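**Q** Just dropping this structure here.
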Amino acid sequence: MSGLASDSAARFVPGLTDWRQLVCALLAGAGSALGFVPFGFFPALLLGFAAVVLLIDGAHFQPRPILRAALIGWMFGFGQFAAGMYWVGYAFFVDPSAHLWQLPVGIAGLPALLALFTAAGCAAAARFWRNGADRIVIFALAYAIAEWLRGHLSTGFPWNLPAYGWSALPQILQSTAVFGSYGLTLLTVLFGASFAVLFDAGRARTWLLPAALTGLFVVIWTLGSLRETFTQVADVPKVQLRIVQPNIPQAEKYQRRYISRNWYRLIDLSRTQNGFRPTIIIWPEAAPPFVLQHTPEALDEITLLTAAGATLMTGTVRYEEQPDGTRRFFNSFYIFGRAGQLLAVYDKFHLVPFGEYLPLEPVMSALGITKLVGIGSFASGQGPRTFSLPNAPAVGPLICYEIIFPGAVSAGRRPGWLVNVSDDSWFGPWAGPEQHLLIARTRAIEEGLPVIRATNTGISAIIDPLGRVVASLGLGKTGVLDAALPESLPPTLYARAGDLIFAMLLLFGVVLVWWRIRRS
């Protein structure tokens, strides 16, 4: 093993073998989750990556070091995802009689699956492990690639990417306009992992790498601050938004005795008289408590609501009758123009596993596992769309977690703004909605587009194209959010190039390590 592992493991983790090493990885992962909102303690995330490097160092003093590194990575990932996404468990309490028994699948099964990507990244890094700073670059490259794969394979689930650990320093998030979230993820992992070299014994100038990366992030923060300070964001003339937040508990949303109350809360809030004259009214995801297309009385109400020329946007469930008598359900977004004219229909294309469809449905059904939403599996739409609007910039709708996918939120024809309708009551009363909001803010920065969030129970928000929250309506509040629409910025480098910059960073890292190996 000599020449593969630094002597940091011999000094820093003596005795951390077998289960002790894995417990340490689990605790490091859980602690690193403090870097994400609502805590935003980024040092915990950075030090978590350093701890993984040191633990992989120790793995090289044991049999089967690559397998051991994979186990370390899995335990770290499981700890981070379980602690950072504990709020997934709230969804199983909406209908406890039907779904509470599935709670362990949600709070343990999802982190266990996501941690497989972390395990793969750590195993790949261990395969090419070297002494000193080289292993830091190797680890960051492998980990970042694993995070990219987590966001793309199967349906993808890029929640709580390392890039989002900078919520306490949003100026650093401005760099996603260039690097994107995956590029900032690579740099963040590299920065955190670099602190592991401080424990390398017998090496002079071990502080150079973390010092250089600290300097890099100071530069990134400074440039982000300058971008926020000197970029002027105006409002779109004559466009006045009203976001309706009905604050209806998920468990009461579709109960027959509450349907009339829920519907008229939407209508009454939309008609709020406060001197503000909205030109566009936005309701949350699946806001009407029934299938809108087959409820003529509700469509009549919408006709009256839009009679003076306002546009109404709303999430809604719809279905199509099939030749065999079955129904195809869609999680959709309707745009109504003057006097209730239906201008556009958008169908969600990124569906939530176990929420909107059941993966491996025959197998899962045989095990008694069902979807959290109590109708048939939803059908998928055809990717992001851009729709023209009367007297307003073209809009790109996104439903719920479609906003979490970097580089996949805007159609070929660039919209002037993004609308993200959601029902975050599934996400619990704290961390989940806060994380969802931060992700939406990051998409605004990446694309240079304002993002308007309309959610059932909060957090509804107006986000400008620099990712700043201009106005918001907090969790658990009932009301309307009235504001102007911020103008978009010119397309960012990321909006033009996508993950090409991330790929170039990866290539640079690979070439650098190869060159250093050739020299040694």
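The values are calculated or read from the model by the stated rules, or taken from the named source; none is laboratory data. From a predicted model like this one, the values you see are computed outputs, not experimental measurements. Counting neighbours? That spans all protein chains shown, and the Cβs are built from the backbone with ideal geometry, glycine included. Note: areas computed on protein heavy atoms with side chains; ligands, DNA, RNA excluded. Shrake-Rupley method; radii C 1.70, N 1.55, O 1.52, S 1.80 Å.
**Q** Given the structure, is H99 open to solvent by 10 Å² or more (accessible area, probe 1.4 Å), in contact with a Phe, Trp or Tyr (Cβ under 9 Å, 6 or more places away or on another chain) and part of a helix (DSSP H, G or I)?
**A** On the way: open to solvent by 10 Å² or more (accessible area, probe 1.4 Å): yes; in contact with a Phe, Trp or Tyr (Cβ under 9 Å, 6 or more places away or on another chain): yes; part of a helix (DSSP H, G or I): yes.
Judged against the criteria, H99 is a match.
**Q** I'm trying to understand the selection: among the residues of the range 429-476, which are in contact (Cβ under 8 Å) with a residue 40 or more places away in the chain, open to solvent by 10 Å² or more (accessible area, probe 1.4 Å) and in a strand (DSSP E or B)?
**A** The answer is L473, and nothing else.
**Q** How many residues, within the range 409-428, are under 27 Å from L269 (Cα atoms) and in a loop (DSSP other than H, G, I, E, B)? Please lay out each step first, then the result.
**A** Of the residues in the range 409-428, the ones under 27 Å from L269 (Cα atoms) are 416-428.
Checking which are in a loop (DSSP other than H, G, I, E, B) leaves us with 416, 423, 428.
Residues that pass the stated criteria total 3.
The rows are residues; the columns are (1) on the phi > 0 side of the Ramachandran plot; (2) more than 13 Å from the chain's Cα centre (by Cα).
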site	(1), (2)
P384	no, yes
V395	no, yes
L398	no, no
I404	no, no
P415	no, yes
Q435	no, no
G448	yes, yes
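**Q** Ok, one more. For the list (1) in contact (Cβ under 8 Å) with a residue 12 or more places away in the chain; (2) in a helix (DSSP H, G or I); (3) among the aliphatic types (A, V, I, L, M), I need the number of the one condition that A211 fails.
**A** Here A211 clears every test but (1).
**Q** Just give me the residues in the range 155-205 being under 19 Å from F78 (Cα atoms) and not in a helix (DSSP H, G or I), in sequence order. So that I can check it myself, show each step before the final result.
**A** Here is the first cut: in the range 155-205, the ones under 19 Å from F78 (Cα atoms) are 156-165, 185, 189, 192-193.
Across the range 155-205, the qualifying residues are G156, F157, P158, W159, N160, L161.
**Q** (1) in contact (Cβ under 8 Å) with a residue 40 or more places away in the chain; (2) crowded, with 19+ Cβ neighbours inside 10 Å; (3) more than 30 Å from E356 (Cα to Cα): which one isn't true of G132, the others all being true?
**A** Against the list (1) in contact (Cβ under 8 Å) with a residue 40 or more places away in the chain; (2) crowded, with 19+ Cβ neighbours inside 10 Å; (3) more than 30 Å from E356 (Cα to Cα), G132 comes up short only on (2).
Residue-by-condition table, conditions (1) in a helix (DSSP H, G or I); (2) modelled with pLDDT of 95 or more:
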{"site": "A9", "(1), (2)": "yes, no"}
{"site": "G15", "(1), (2)": "no, no"}
{"site": "W19", "(1), (2)": "yes, no"}
{"site": "A28", "(1), (2)": "yes, yes"}
{"site": "G31", "(1), (2)": "yes, yes"}
{"site": "L34", "(1), (2)": "yes, yes"}
{"site": "A44", "(1), (2)": "yes, yes"}
{"site": "F49", "(1), (2)": "yes, yes"}
{"site": "V52", "(1), (2)": "yes, yes"}
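**Q** Looking at (1) crowded, with 18+ Cβ neighbours inside 10 Å; (2) within 21 Å of G84 (Cα to Cα); (3) not charged (D, E, K, R), which one does V137 not meet, given that it meets all the others?
**A** That leaves (2) as the condition not met.
**Q** Test M85 against the criterion of being without any contact (Cβ under 8 Å) to a residue 60 or more places away in the chain and either within 21 Å of W166 (Cα to Cα) or of a type in the set (A, V, I, L, M) (or both), and give yes or no. Please lay out each step first, then the result.
**A** Details: without any contact (Cβ under 8 Å) to a residue 60 or more places away in the chain: no; either within 21 Å of W166 (Cα to Cα) or of a type in the set (A, V, I, L, M) (or both): yes.
So M85 does not fit the description; no.
**Q** If V189 satisfies every condition in (1) touching a Lys or Arg at 6+ places or on another chain (Cβ under 8 Å); (2) hydrophobic (A, V, I, L, M, F, W, C); (3) at pLDDT 95 or above but one, which is the exception?
**A** Only one criterion is unmet by V189, namely (1).
**Q** Please determine whether any residue of the range 56-73 is out of contact with any Asp or Glu (no Cβ under 6 Å at 6 or more places or on another chain), closer than 23 Å to L213 by Cα and open to solvent by less than 10 Å² (accessible area, probe 1.4 Å). Quick ask: steps written out before the conclusion?
**A** Looking only at the range 56-73, we keep the residues that are out of contact with any Asp or Glu (no Cβ under 6 Å at 6 or more places or on another chain), and these are 56-73.
Right, trim to closer than 23 Å to L213 by Cα and you get 56-57.
Among the residues that remain, those that are also open to solvent by less than 10 Å² (accessible area, probe 1.4 Å) are: 56-57.
Yes: one or more hits.
**Q** Given the conditions (1) within 21 Å of the chain's Cα centre (by Cα); (2) not in a loop (DSSP other than H, G, I, E, B), and given that L71 satisfies all but one, which numbered condition is not satisfied?
**A** Going through (1) within 21 Å of the chain's Cα centre (by Cα); (2) not in a loop (DSSP other than H, G, I, E, B) one by one, L71 breaks only (1).
**Q** Taking the criterion of being over 18 Å from P249 (Cα atoms), among the polar types (S, T, N, Q) and out of contact with any helix residue (DSSP H, G or I) (no Cβ under 6 Å at 6 or more places or on another chain), would at least one residue in the range 465-478 satisfy it?
**A** Filtering the range 465-478 down to residues over 18 Å from P249 (Cα atoms) leaves 465-472.
Checking which are among the polar types (S, T, N, Q) leaves us with 472.
Next, from what is left, pick out any that are out of contact with any helix residue (DSSP H, G or I) (no Cβ under 6 Å at 6 or more places or on another chain): 472.
Yes, there is a match, as at least one residue in the range 465-478 is over 18 Å from P249 (Cα atoms), among the polar types (S, T, N, Q) and out of contact with any helix residue (DSSP H, G or I) (no Cβ under 6 Å at 6 or more places or on another chain).
**Q** Can you go through I452, I462, I439 and tell me which one is hydrophobic (A, V, I, L, M, F, W, C), modelled with pLDDT of 95 or more and within 22 Å of G89 (Cα to Cα)? Show your work before the answer.
**A** Numbers: I452 fails: within 22 Å of G89 (Cα to Cα); I462 fails: within 22 Å of G89 (Cα to Cα).
Only one candidate qualifies: I439.
Rundown of residues vs (1) open to solvent by less than 10 Å² (accessible area, probe 1.4 Å); (2) in contact with a strand residue (DSSP E or B) (Cβ under 7 Å, 6 or more places away or on another chain); (3) within 25 Å of P390 (Cβ to Cβ), yes/no style:
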site	(1), (2), (3)
L208	no, no, no
G224	yes, no, no
D235	no, yes, yes
V244	yes, yes, yes
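**Q** Here is a further query. Tell me, please, whether a residue that is assigned to a loop (DSSP other than H, G, I, E, B), within 20 Å of I459 (Cα to Cα) and of a type in the set (A, V, I, L, M) can be found in the range 260-272.
**A** Going residue by residue through the range 260-272, those that are assigned to a loop (DSSP other than H, G, I, E, B) are 271-272.
Next, from what is left, pick out any that are within 20 Å of I459 (Cα to Cα): 272.
Add one more test, that the residue is of a type in the set (A, V, I, L, M), and what stays is none.
For the range 260-272, residues assigned to a loop (DSSP other than H, G, I, E, B), within 20 Å of I459 (Cα to Cα) and of a type in the set (A, V, I, L, M): absent.
**Q** Among the numbered conditions (1) surrounded by 21 or more Cβ atoms within 10 Å (Cβ to Cβ); (2) within 15 Å of the chain's Cα centre (by Cα), tell me where A408 comes up short.
**A** (1)
**Q** A further question on this structure: How about the range 296-308: which of its residues are modelled with pLDDT of 95 or more and part of a loop (DSSP other than H, G, I, E, B)?
**A** T306, A307
**Q** Give the range 477-489 a look and list any residue that's assigned to a strand (DSSP E or B) and open to solvent by 20 Å² or more (accessible area, probe 1.4 Å), or say none. Lay out the reasoning, then the answer.
**A** Kept after step one, since they are assigned to a strand (DSSP E or B), are these residues of the range 477-489: 479-486.
Hits for the range 477-489 are V480, D482, A484.
**Q** Which residues, taken from the range 170-190, are over 17 Å from A497 (Cβ atoms) and in contact with a Phe, Trp or Tyr (Cβ under 6 Å, 6 or more places away or on another chain)?
**A** Narrowing the range 170-190 to residues over 17 Å from A497 (Cβ atoms): 170-173, 188-190.
Those that are over 17 Å from A497 (Cβ atoms) and in contact with a Phe, Trp or Tyr (Cβ under 6 Å, 6 or more places away or on another chain): Q171, I172, L173, V189.
Results for (1) at negative phi; (2) surrounded by fewer than 18 Cβ atoms within 10 Å (Cβ to Cβ); (3) without any contact (Cβ under 8 Å) to a residue 40 or more places away in the chain, shown as yes or no for each residue.
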residue: V197; (1), (2), (3): yes, no, no
residue: G215; (1), (2), (3): yes, yes, yes
residue: I248; (1), (2), (3): yes, no, no
residue: A286; (1), (2), (3): no, no, no
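**Q** Just the residues that are within 15 Å of the chain's Cα centre (by Cα) and hydrophobic (A, V, I, L, M, F, W, C), please, taken from the range 120-152. Before you say what the answer is, go through the steps one by one.
**A** Of the range 120-152, the ones within 15 Å of the chain's Cα centre (by Cα) are 147-152.
Within the range 120-152, W148, L149 meet the criteria.
**Q** Scan the range 264-284 for residues that are touching a Pro at 6+ places or on another chain (Cβ under 6 Å) and open to solvent by 10 Å² or more (accessible area, probe 1.4 Å) and jot them down.
**A** R265
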